[in-house]
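Chemist: Dumping the structure here so I can ask a few things about it.
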Amino acid sequence: MHTKIYSATTIGIETYLVDVEVDISYGLLNFFIVGLPDAAIKESRQRVVTALKNSSIKLPEKKITVNLAPADLKKEGTLFDLPIAMGILVASQIVQVDAQFLEETLFLGELSLDGTIKPIKGILPVAYDARTFGKKRLIIPKENAQEAALIKQVEVIGVSNLVELIGFLRKEIILSPEKSCIEDFDTATDEHKIDFSQVKGQPMAKRALQIAAAGKHNILFVGSPGSGKTMLASRLPTIMPPMSFDEILETSKIYSVSGKIHNNPFIFKRPFRNPHHTISSVGLVGGGSSAQPGEISLAHNGVLFLDEMTEFKKDCLEILRQPLEERSILISRAHYSVKFPAAFLLVAALNPCPCGFALDKKRQCICQPNQVTKYLSKLSGPFLDRIDLQVSVGSINYDNIIETKINEISSAELYSKIKIAVDTQKARNNNAFNAYLPIDKIGSICVLTDGAQAIMKQAFEKLHLTMRGYHKLLKVSRTIADLESSDLIMEEHVKEALMYRFLDQIVEKKS
């Protein structure tokens, strides 16, 4: 007898419908799986047969053929165990299920040898796309049910083992659909709350981060060791706007397919990713044999912090140039391509020289000029051109440490202006941040006064700005104007934006 069960697989964060066709016929006892399965799927034969046996299900001694269609779509992982077992149960008439029920249902799950249904990766994208395939229902592992229930338009039924599933299909037991309880999860900050009020001094760096959060501008900190660069960067998410539902869904899908969804199935807080400088290019941008998302995609809608940036391999930094512009990464393989979103805010930090004290007022730099040049040459001009704000972070004086009130502006105080600027941008820029303004919109949105225009012209010629650098400067000036609730970009806005071209000014002094 022949039957068809519906399942799905993910490539990147895209979902593809898979027909699991099962045929049981007379012949020598055997079990075949065809349809471009990988090694894990081929091993399903042993898992499925043993799980059914240990669930007190005796298989007919006949030839079993399983086809995963479409046959030219590569399929990976263990999520087809459950639909294969389900197909065998229906085809052998051990379980009789209404044809319409099967037509409307997707089955996914991995089987343990005792019949337990184990959780799988990538269930959220499948639930999101289920309605697109005309499916109303998901039968999946119990541990994945909360994650899938984020999508309210589809019925999610979580099952713990094969015995429970068979009882449900025979209407011997009742399994209620999982309810979406996104409101029940704790979206508050951690118990050990971090706040900008904990950072002593550094008013210029705090102001630069306020601009970065308001306009989604990439930022680079240059300063001696211990000046507070990491501490500042780690607090940036506390002044970024709360994530919208679409952003929560987008980010959670990435974490779902990468298997990083744990106790809390939803990503409510903006990610803060801090990879070590020994990371490979594949680990940073994504890839591998099964095309998994890298750190830049895990930082989607959040912050990617590159500490000690000059210690990263040069090819890792150069490969970031395209994602910084396009806010996505395309990973190509022989038979398919995978596109992962990567709209992250880059925060980088580095020492000004090998010893770290070139800009320190307390300690003397021992580096030779050629050493400093070689050290900074690891950062190419095109890469630095994609960083909007370049800020010097000086060392802290003792008076700043013991004084409890000076410069201790809180995250809430910084965010109050950011919210106004973000709301202004959304209304004016069609929901786009200033950093993401297309070139054809810059002229009409970034309108300068005559005085600001004169300063911009002088900066363009003196700092030898590229067109990209010029546009970055305009966009930063626009964000500063938005923070001050100004319709036009004034002279003081351009002057402040120029303060954050720190490395450009160093190069100008050397020339």
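Chemist: Pick from Ile254, Ile279: which is among the aliphatic types (A, V, I, L, M) and not in a helix (DSSP H, G or I)? Don't jump to the end; show me each part of the working.
Modeler: Details: Ile254 fails: not in a helix (DSSP H, G or I).
Step by step, each of Ile254, Ile279 is checked, and only Ile279 is among the aliphatic types (A, V, I, L, M) and not in a helix (DSSP H, G or I).
Chemist: Mind checking whether some residue in segment 11-30 is among the aromatic types (Phe, Trp, Tyr), within 34 Å of the chain's Cα centre (by Cα) and buried (at least 22 other Cβ atoms within 10 Å of the Cβ)?
Modeler: no
Chemist: Are there any pairs with C-beta distances below 7 angstrom linking a residue in segment 376-389 that is part of a loop (DSSP other than H, G, I, E, B) to a residue that is of a type in the set (S, T, N, Q), with the two at least 6 apart or on different chains, and if so which?
Modeler: These pairs meet every condition: Lys378/Thr310; Leu379/Thr310; Asp385/Thr466; Arg386/Asn218; Ile387/Asn218; Asp388/Asn218.
Chemist: Quick one: how many residues across segment 199-226 are touching a helix residue (DSSP H, G or I) at 6+ places or on another chain (Cβ under 9 Å), modelled with pLDDT under 90 and not aliphatic (A, V, I, L, M)?
Modeler: Residues that pass the stated criteria total 4.
Chemist: Sticking with this one: His300 fails exactly one of the following numbered conditions: (1) of a type outside the set (A, V, I, L, M, F, W, C); (2) outside any helix (DSSP H, G or I); (3) without any contact (Cβ under 8 Å) to a residue 40 or more places away in the chain. What is the number of that condition?
Modeler: (3)
Chemist: Restricting attention to segment 308-322, which residues are crowded, with 19+ Cβ neighbours inside 10 Å and either modelled with pLDDT of 95 or more or part of a loop (DSSP other than H, G, I, E, B) (or both)?
Modeler: Phe312, Leu320
Chemist: I'd like to check which strands (runs of 3 or more DSSP E) are fully inside segment 22-131 and have at least 1 residues that are at positive phi and without any contact (Cβ under 8 Å) to a residue 12 or more places away in the chain. Explain how you work it out, then say what you get.
Modeler: Values: elements: 30-34, 63-69, 105-107.
So the answer is none; nothing clears 1.
Chemist: Tell me yes or no: at least one residue of segment 373-390 is crowded, with 18+ Cβ neighbours inside 10 Å, acidic (Asp, Glu) and at pLDDT 90 or above.
Modeler: Yes; the residues of segment 373-390 include at least one that is crowded, with 18+ Cβ neighbours inside 10 Å, acidic (Asp, Glu) and at pLDDT 90 or above.
Chemist: Could you tell me whether Gly201 is over 27 Å from Phe312 (Cβ atoms) and either outside the structural domain of Val372 (by TED's automatic domain parsing) or surrounded by 20 or more Cβ atoms within 10 Å (Cβ to Cβ) (or both)?
Modeler: Against the criterion (over 27 Å from Phe312 (Cβ atoms) and either outside the structural domain of Val372 (by TED's automatic domain parsing) or surrounded by 20 or more Cβ atoms within 10 Å (Cβ to Cβ) (or both)), Gly201 qualifies.
Chemist: Follow-up question, since we're still on this one. (1) over 30 Å from Gly226 (Cα atoms); (2) surrounded by 16 or more Cβ atoms within 10 Å (Cβ to Cβ): which one isn't true of Leu298, the others all being true?
Modeler: Condition not satisfied by Leu298: (1).
Chemist: Out of segment 5-21, which residues are over 12 Å from Phe80 (Cβ atoms) and either outside any strand (DSSP E or B) or aromatic (Phe, Trp, Tyr) (or both)?
Modeler: Matches in segment 5-21: Gly12, Ile13, Tyr16.
The values are calculated or read from the model by the stated rules, or taken from the named source; none is laboratory data. Note that the structure is predicted; figures quoted are calculated from it, not measured. Cβ coordinates were reconstructed from backbone atoms using ideal geometry, including for glycine residues, and neighbour counts include every protein chain displayed.
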